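The values are calculated or read from the model by the stated rules, or taken from the named source; none is laboratory data. Fair warning: this is a prediction, and the values are worked out from it, not measured in the lab. Glycine gets a Cβ as well: all are built from the backbone with ideal geometry, and neighbour counts include every protein chain shown.
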Amino acid sequence: MSWVDATRARLRLLFARPDDESRVDQEFRFHIEMETERLVQETGLDRQEARRRALVSFGGVEKHREVLREGRGLAWLTDMSLDLKLGLRMLVKYPGLSLAGVLGMAVAVAIGTVSFGVIYTVIDPALPLDQGDRVVAIENLDARRSDDGRRTHLHDLATWRGGLQAVEELGAYRTVDRNLITPENRPESVRIAEMTASGFRVARVPPLQGRYLNEEDERQGAPPVVVIGYDVWQSRFAGDSRVIGRALQLGASQHTVIGVMPQGFAFPINNRVWTPLRLDPSDFVPGQSPSISVFGRLAPGATLNEAQTQLTTIGQRLAADHPETHQHLRPRVLPYPRAFMDSPELAWMFHLVQLVVSMLLVLVGTNVAILVYARTATRTGEIAVRTALGASRGRVVGQLFAEALVLSGAAAVVGLGAGWLALREFDAVAARNGGAQFPFWMHFGLSPGVVLYVAGLAVLGAVIVGAVPALRATRGQVHGGLQQLGPGGWKVRLGTTWTVLVVAQVAVTVAILPWAIVGVDLWLRHRMAGPGFPAAEFLTARLHMDREGVGTDDAESRGSDIAVRYANLQGELVRRLEAEPGIADVVLASALPSDEENRRIEVDRETGAAGPETAGGSGSAGHRAGVYRVEPGFFRAFDIPLLAGRPFQAGDASPGATGVIVNRSFVEEVLGGGHPLGRRVRAASRSPETSHGSAQAGPWYEIVGVVADFPRPVKPNVFEPKLYHAMVAGATHPVALTLRVRGAPAGSFADRLRELTVAVDPMLRIESVSTLDDVLNQDAADQVLILVIALVTLSVVLLSAAGIYALMSCAISLRRREIGIRTALGAGPGRVIGSVLSRAARQIAIGIAVGVTVTGLMVQTLAREGVDGRDVVLLLAVAAFMMGVGLLAAVGPARRALRIQPTEALQAE
Amino acid sequence: MAPRAQTDALRGSLDLLILKTLSLAPMHGWGISQRVQQMSAGVLEVNQGSLYPALQRLEQGGLITSDWGTTGNNRRARYYRLTAAGRRALGNELENWRRFAASLNAVLRST
C-alpha cells in the first residue's frame, strides 16, 4: 500500500473527527439493531431480550469507542481535556495554595512581560515607515573619546553625498526650540526640525495638504516656509482647509505654511514642525560647524556592509586630506533607530532591568518548585496505585502536567493582563513626560512576540512544575510507592535539595524585605510630608532665550552681549509680571528648590574659628551642599527667615563680590556647628560664575548670612545643606522663574505667563511650566519603582509563606505515627510538636541568618552613612517577621497534628 | 502502518477475511460479520470487538474506503468497499496465505 494513500486517508480521518464520533455511534447502533432483528427472527425472543443479548455479544460500546479512538491516535485529546478539568478542580479545592502560587507567578510573568516589551521596543525597534528597515543614520565617531563624542560635520555631508553610492537621499536635520506663536492662541514652545528636503523623501509619507520641502526652500534667501504636523494644524488652525499660505510665527520670524503632514508623522524624532535646513558649509570653518544628524536610505540592492565599506574608504581619504580635523573620526552607518540606542544611560538601564528580572524569576521559580515538590511528594501513593492499575507513565505524567498547566496558564493570563496595563501606562507616561525625547517609533505595548514568550513561559513552567516531578515520581518501582500507603509510612525523605530551597527562599525574602520596607516608607513619608510651605501657590518655569542665527555654537565671543540682553529681557519680564494683579512675588534663581546641584564643599581652615573641625579641609572629600544662585528676594518669597548676618544686597551681585549665604543645615553638617559668619568656603569644582575654568581652585567666598532651612526636606535624598550665591543677572541660562500667585490656582496663570513672555520678546521661551506642588511630587519613575518592589515583595512573601506551610505540612504528615505513639505514651503535645517542627524551624533560622548577613553587607557597602541603629532595628524586625510567618504557617499543620488520635495513627498497622 | 501488537496470524486472518468479503461486494460492518459466518458454515465467528478496529485500521491503511448508504429496509448504514490498493493487497495476502498453508501442510504431513 502506498504510504501516500495511507497518509491521506489518515489525515482525512483525523480532520473529520467530530463527524467521526457520531458516525461511530451510528454504526454501532445500526449493528446492534441488525443483530437484535436477527435474534428476534431466528430465535423468537422478544425484542427486549434480543436486544440485551445483542448488546452482550457486541461487548462494551464505550470500550469499543475508546479502542477506535486510540486507533485514530486522538485519545490523548480527550484525556487532556479530562485532565485539565481535573486540574481546575484541584485548583479550586485548595484555594489558598493555588492563589498564592498563581499570584506569585503572575507577578513574575507581569514583570517579565513589561521588561520584555520595553526591551523589545528599545533594542530592536522597527521604523514604521515604508521599508523602514532600510533607513539608516550616519555618524562620525570620535576615536579619542570613549563617551558620546559624535560630531557630524556639515562639510562631510557634501562629501558623503558625492561619494557614497550605497546610500541615497542623504539628508540631515537638527532640532531647535522656538516659540510657536499664532495670533489667536496661546504661545507654546515647540521643537522644530530643521531638515533637508530629502528627509521627507526618505520617509516616503505624502503630505495631507500642500507639499513638503524641496531643494528650492533650502536656498539662502528663499522665502521662509514651514511644514506643520496634523496636531498643529488642528489645534492652531482649527483644521482650516485653506491653511496653505497662512502665516506662522516661530520665534522672531514669520513663516508661510506650505504643507500639512498626516497624523502620526513625526520623523525625524518626535517633531511636529519642519523648516528647511539652511546651513551653508562655506559659512563655517571645517570642524566648527553646528552639529547635525545625518540619515539616508539604502539604495536598492545595497546592503549595510557595502555602505559601511564605502564609508570607511571615504573616511580614510578625508583623514589623509584633512588630518587636523578628521584624523580621529571614524564614520559609521547603522540602522536609523539604533542611533538613539547607544547612549550609556539606556544600556545601563537595560542591564539593570535584565538583572532584576532574572533575579526575580529565579526567586519565583524557587518558590514554586518548593510548593510543587511538596504537592507531588504527598501523591506518590496515588501515583503508584494508578500505575499498578495500568495507567501508562505517559498518562500519569500527562495528568500532573495538565494540573500544572492550569496553574501556570492562570498565572500567565493574569500576568499578561497586568503587564499589558503596565505597558499602556508606561506608554502614556512616556508620551506625556518624555515629549521630545521619545522617538515616534517607540510605542510600548503587547506584541505577538511578547505573547508567545509568555505562552512559552507558561508551558515551560508547567513542565518544570508538573512534568519533571511526575517523571521522577514514576521512575521508581511501583511497590516502593505503594508502601507509602501502608504501615511503613512514608519513605520519602526530604532531602538536601529541599533544605537548600527553603533556606535560599527565606534568605532572599529576608534580604529583600528591608529594602522594600525602607523604600515604601520613604515614599509614604515623602507623600505625606508635604513641602511645609504652600507649594501650590507657586508656579515655576524655566526661562530660555534663543540665541539664534549663524555662528559658532560656542558663545564665548558673544558671551557678554548675550548676557546683557538676557538680563534686560529678564528685568522687563519681571517688571511686567510684578505689575500683574494676583502675582505676589516674582523671583529668579539658578534652579528650583527641588533641583539638586550639589558640589563638594571645601572649608578654609585659616579663618580662625572656634568649634570642632569636623568638615573636611581643603582637598578632602567631606561634605556636599546644594549650590544655588538666587536673587535677593528669594528668601522672602519662600518665607525663609534670616537667622544671622545680613541678607544679599545689591553689591553682592557684582563680579568680584564674595558674599554667600548658607542655611542652617550647612552650618551644622559642613561646618560642624560653631560660628559661621566670616568663615570662608568654596565649591571644589569649577565655579560657573567666572568663565575662566581652572579645574582646581576658585575664589574663596565669605559667609555673610545664615537662613533657615526650607521647612521640610523637599525630597528625601536632596542634600539639605545649601549654599547661596547672589545671582548675576543674565549670567545664568536658563534661569528658573518662580511666581507666587495669590487668589487663584497657580496653574491658571500659565497661559498668561507665556503670553507675557512672548510679548516681551518672541525669542524668550518658557519651558516646563508647572506648580511647585507638581514638581515636588513628580517622581514618576521612583513611584513606579517603589510599586514594583512592593508587588514583588508581596508575591515573594506570599510564596514564602506558602512554601513554609507546605514544608510544615509535610514534616508533620511524615511522622503521623510517631506523633500518635508519643502522644499515646503520654508526651505533652507541645514537646511532640516542638520536636517535629524543630527541623523546619532550624531551616528557617538558617535562612534568616543568611538573609540578615547578606542585607547587612549590602547596607554596609551601599549606604553612605554605614549601618546605624535604625537599620539594625529594621533588620531585627524583619527577621522576627519571617520567623513569625514561619510559625503562623506552622499553626495549621500543628493543629492538625495535635488532633491526630493515637489509635488512628496506629491503625495503619 | 498500524502497529500489529497481537498475534500476527490472528489479526492477519481477520484482515484477510474482511478483504475477501468486500471483494465480492461492498458491505456494512454487521453484514461482513454475517457473511463470514455464513461462508464458513458457522465455524468462524467474527469477534465484534475486533471487527470495527480492524475496519478502521484497514481504512487508515487505505485498503478500503467507506461511505454512507441505505440498506434494503431503508436504514442508514456505513458501507465499506475495496480500493485498488486493497485489491492488490488482497492478492498478495492470498498468495502468502496459500504458501503458508501449503508449507504447514507439508511439514505436518511428513512423518
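Any idea which residue in region A:42-61 is farthest from B:Glu59 (Cα to Cα), counting only those that are within 12 Å of chain B (Cβ to nearest Cβ) and either in a helix (DSSP H, G or I) or of a type in the set (Phe, Trp, Tyr) (or both)? Full working, then the answer.
Restricting attention to region A:42-61, the residues satisfying the condition of being within 12 Å of chain B (Cβ to nearest Cβ) are A:42, A:54-61.
Within this subset, residues satisfying the condition of being either in a helix (DSSP H, G or I) or of a type in the set (Phe, Trp, Tyr) (or both) are A:42, A:54-58, A:61.
Details: A:Glu42: 32, A:Ala54: 25, A:Leu55: 25, A:Val56: 26, A:Ser57: 24, A:Phe58: 21, A:Val61: 20 Å.
This residue is A:Glu42.
Tell me the residue from A:Ser282, A:Ser235 that is assigned to a helix (DSSP H, G or I) and touching a residue at least 40 places away in the same chain (Cβ under 8 Å), please. Outline the logic, then answer.
Numbers: A:Ser282 fails: touching a residue at least 40 places away in the same chain (Cβ under 8 Å).
Residue meeting the stated conditions: A:Ser235.
Just give me the residues in region A:254-275 being under 15 Å from A:Arg191 (Cα atoms) and at pLDDT below 90, in sequence order.
Answer for region A:254-275, where residues must be under 15 Å from A:Arg191 (Cα atoms) and at pLDDT below 90: A:Phe265, A:Ala266, A:Phe267, A:Pro268, A:Ile269, A:Asn270, A:Asn271, A:Arg272.
Check A:Val135, A:Val118, A:Val92, A:Val122 and return the single one that is of a type in the set (A, V, I, L, M) and within 30 Å of A:Gly466 (Cβ to Cβ).
Details: A:Val135 fails: within 30 Å of A:Gly466 (Cβ to Cβ); A:Val118 fails: within 30 Å of A:Gly466 (Cβ to Cβ); A:Val122 fails: within 30 Å of A:Gly466 (Cβ to Cβ).
Just one listed residue meets the conditions, A:Val92.
If I ask for residues that are in contact (Cβ under 8 Å) with a residue 60 or more places away in the chain and touching a strand residue (DSSP E or B) at 6+ places or on another chain (Cβ under 6 Å), which ones from region A:210-232 would you list?
Taking region A:210-232 first, the residues in contact (Cβ under 8 Å) with a residue 60 or more places away in the chain are A:212-213, A:218, A:220.
The answer is A:Tyr212, A:Leu213, A:Glu218.
Out of all the residues in region A:166-185, is one or more among the polar types (S, T, N, Q), buried (at least 21 other Cβ atoms within 10 Å of the Cβ) and touching a residue at least 24 places away in the same chain (Cβ under 8 Å)? Break it down into steps so the answer makes sense when it comes.
Of region A:166-185, the ones among the polar types (S, T, N, Q) are A:175, A:179, A:182, A:185.
Cutting the leftovers down to buried (at least 21 other Cβ atoms within 10 Å of the Cβ) gives us A:179.
This time we only want the ones that are touching a residue at least 24 places away in the same chain (Cβ under 8 Å), so: A:179.
Yes; the residues of region A:166-185 include at least one that is among the polar types (S, T, N, Q), buried (at least 21 other Cβ atoms within 10 Å of the Cβ) and touching a residue at least 24 places away in the same chain (Cβ under 8 Å).
I'm trying to understand the selection: among the residues of region A:62-80, which are assigned to a helix (DSSP H, G or I), touching a residue at least 12 places away in the same chain (Cβ under 8 Å) and more than 10 Å from every other protein chain (Cβ to nearest Cβ)? Even if it seems obvious, please write down each step before you answer.
Narrowing region A:62-80 to residues assigned to a helix (DSSP H, G or I): A:62-72, A:75-80.
If we keep only those that are touching a residue at least 12 places away in the same chain (Cβ under 8 Å) too, we end up with A:64-65, A:68, A:72, A:76, A:79-80.
Result: A:Trp76, A:Asp79, A:Met80.
Considering (1) modelled with pLDDT of 90 or more; (2) under 22 Å from A:Val67 (Cβ atoms); (3) surrounded by fewer than 20 Cβ atoms within 10 Å (Cβ to Cβ), say which one B:Ala5 fails and leave the rest.
(1)
Could you list, in sequence order, all residues of region A:208-232 that are assigned to a strand (DSSP E or B) and within 13 Å of A:Thr196 (Cα to Cα)? Break it down into steps so the answer makes sense when it comes.
Just the residues of region A:208-232 that are assigned to a strand (DSSP E or B), to begin with: A:209-210, A:225-228.
Within region A:208-232, A:Val225, A:Val226, A:Val227 meet the criteria.
From A:Thr175, A:Thr159, which residue is polar (S, T, N, Q), within 33 Å of the chain's Cα centre (by Cα) and modelled with pLDDT under 90? It would help to see each step written out before you state the result.
Details: A:Thr159 fails: within 33 Å of the chain's Cα centre (by Cα).
That would be A:Thr175, the only listed residue that is polar (S, T, N, Q), within 33 Å of the chain's Cα centre (by Cα) and modelled with pLDDT under 90.
What's the total number of residues in region B:80-104 that are among the aromatic types (Phe, Trp, Tyr) and buried (at least 17 other Cβ atoms within 10 Å of the Cβ)?
Quick first cut of region B:80-104, residues among the aromatic types (Phe, Trp, Tyr) only: B:80, B:97, B:100.
Of the ones still in play, those that are also buried (at least 17 other Cβ atoms within 10 Å of the Cβ) are B:80.
Adding up the residues that qualify gives 1.
Select from region B:44-77 the residues that are part of a loop (DSSP other than H, G, I, E, B) and among the hydrophobic types (A, V, I, L, M, F, W, C) and write down the one among them that is nearest to the other protein chains (Cβ to nearest Cβ). First the steps, then the outcome.
Going through region B:44-77, the residues part of a loop (DSSP other than H, G, I, E, B) turn out to be B:44-47, B:61-63, B:71-75.
Checking which are among the hydrophobic types (A, V, I, L, M, F, W, C) leaves us with B:44, B:46, B:63.
Working: B:Leu44: 15, B:Val46: 11, B:Leu63: 6 Å.
Result: B:Leu63.
State yes or no: is B:Arg11 buried (at least 17 other Cβ atoms within 10 Å of the Cβ), more than 19 Å from A:Leu39 (Cβ to Cβ), modelled with pLDDT under 85 and within 14 Å of another protein chain (Cβ to nearest Cβ)? So that I can check it myself, show each step before the final result.
Numbers: buried (at least 17 other Cβ atoms within 10 Å of the Cβ): yes; more than 19 Å from A:Leu39 (Cβ to Cβ): yes; modelled with pLDDT under 85: yes; within 14 Å of another protein chain (Cβ to nearest Cβ): yes.
Yes: the conditions hold for B:Arg11.
Does region B:18-43 hold any residues that are in a helix (DSSP H, G or I), closer than 24 Å to A:Glu70 by Cα and at the interface with chain A (Cβ under 9 Å from one of its Cβ atoms), and which are they? Working first, answer last.
Kept after step one, since they are in a helix (DSSP H, G or I), are these residues of region B:18-43: B:18-24, B:29-39.
Subset that is closer than 24 Å to A:Glu70 by Cα: B:18-19, B:29-30, B:32-33.
Of everything in region B:18-43, those that are in a helix (DSSP H, G or I), closer than 24 Å to A:Glu70 by Cα and at the interface with chain A (Cβ under 9 Å from one of its Cβ atoms) turn out to be B:Gly29, B:Trp30, B:Ser33.
Considering only region A:293-343, state which residues are at pLDDT below 85, of a type in the set (A, V, I, L, M, F, W, C) and either part of a loop (DSSP other than H, G, I, E, B) or loosely packed, with under 15 Cβ neighbours inside 10 Å (or both).
Once the filter is applied, which keeps residues that are at pLDDT below 85, of a type in the set (A, V, I, L, M, F, W, C) and either part of a loop (DSSP other than H, G, I, E, B) or loosely packed, with under 15 Cβ neighbours inside 10 Å (or both), region A:293-343 yields only A:Met341.
Sort out which residues of region B:26-78 are touching a residue at least 40 places away in the same chain (Cβ under 8 Å), in contact with a Phe, Trp or Tyr (Cβ under 9 Å, 6 or more places away or on another chain) and aliphatic (A, V, I, L, M), and write them in order of number.
B:Met27, B:Ile32, B:Leu58, B:Ile64, B:Ala77
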